[in-house]
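The values are calculated or read from the model by the stated rules, or taken from the named source; none is laboratory data. This one's a predicted model, so the numbers in the text were calculated from it and none came from an experiment. Here Cβ is always computed from backbone atoms with ideal geometry, including for glycine, and neighbour counts include all displayed protein chains.
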Amino acid sequence: MMFRKPRFAVIVVSAVLAGYCALIGLGLYLPIACFIFAISPFLIAWMAFSIIKYGSYPGKELKENEEWGYQDMDKEKLGVF
């Protein structure tokens, strides 16, 4: 289903909010702008939910006792540890 794809949610929410910014930027306070403003928290929540639930992380998993890491550099080259 299309609503389970995080990319779809991000594209739809970004387009709707960009349209809202364009309407407000042009000074057009139409009822549609008020409607978009009213539903924007629900759109953000839907986007966050779909990313958290259905998104995937293609990077490497952290090893035991690693709290965070960089993928582009080795831990030894950072000089902090």
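Six or more apart or on different chains, Cβ under 6 Å: which pairs go from a residue in the range 1-27 that's in a helix (DSSP H, G or I) to one that's exposed (fewer than 10 other Cβ atoms within 10 Å of the Cβ)? Could you list them?
Sorted first by the residue in the range 1-27, then by its partner, the pairs are Phe8/Met2.
Looking at the range 19-43, which of its residues are within 14 Å of the chain's Cα centre (by Cα) and exposed (fewer than 13 other Cβ atoms within 10 Å of the Cβ)?
Pro41, Phe42
State yes or no: is Leu43 in contact with a helix residue (DSSP H, G or I) (Cβ under 8 Å, 6 or more places away or on another chain), of a type outside the set (S, T, N, Q) and at pLDDT 95 or above?
yes
Which of the residues spanning the range 37-55 are within 21 Å of Pro6 (Cβ to Cβ) and either in contact with a Gly (Cβ under 9 Å, 6 or more places away or on another chain) or of a type in the set (Phe, Trp, Tyr) (or both)?
Phe42, Trp46, Phe49, Tyr54
Looking only at residues that are within 30 Å of Ala18 (Cα to Cα) and not in a helix (DSSP H, G or I) in the range 46-81, which one is modelled with the lowest pLDDT?
The qualifying residue modelled with the lowest pLDDT is Gly59.
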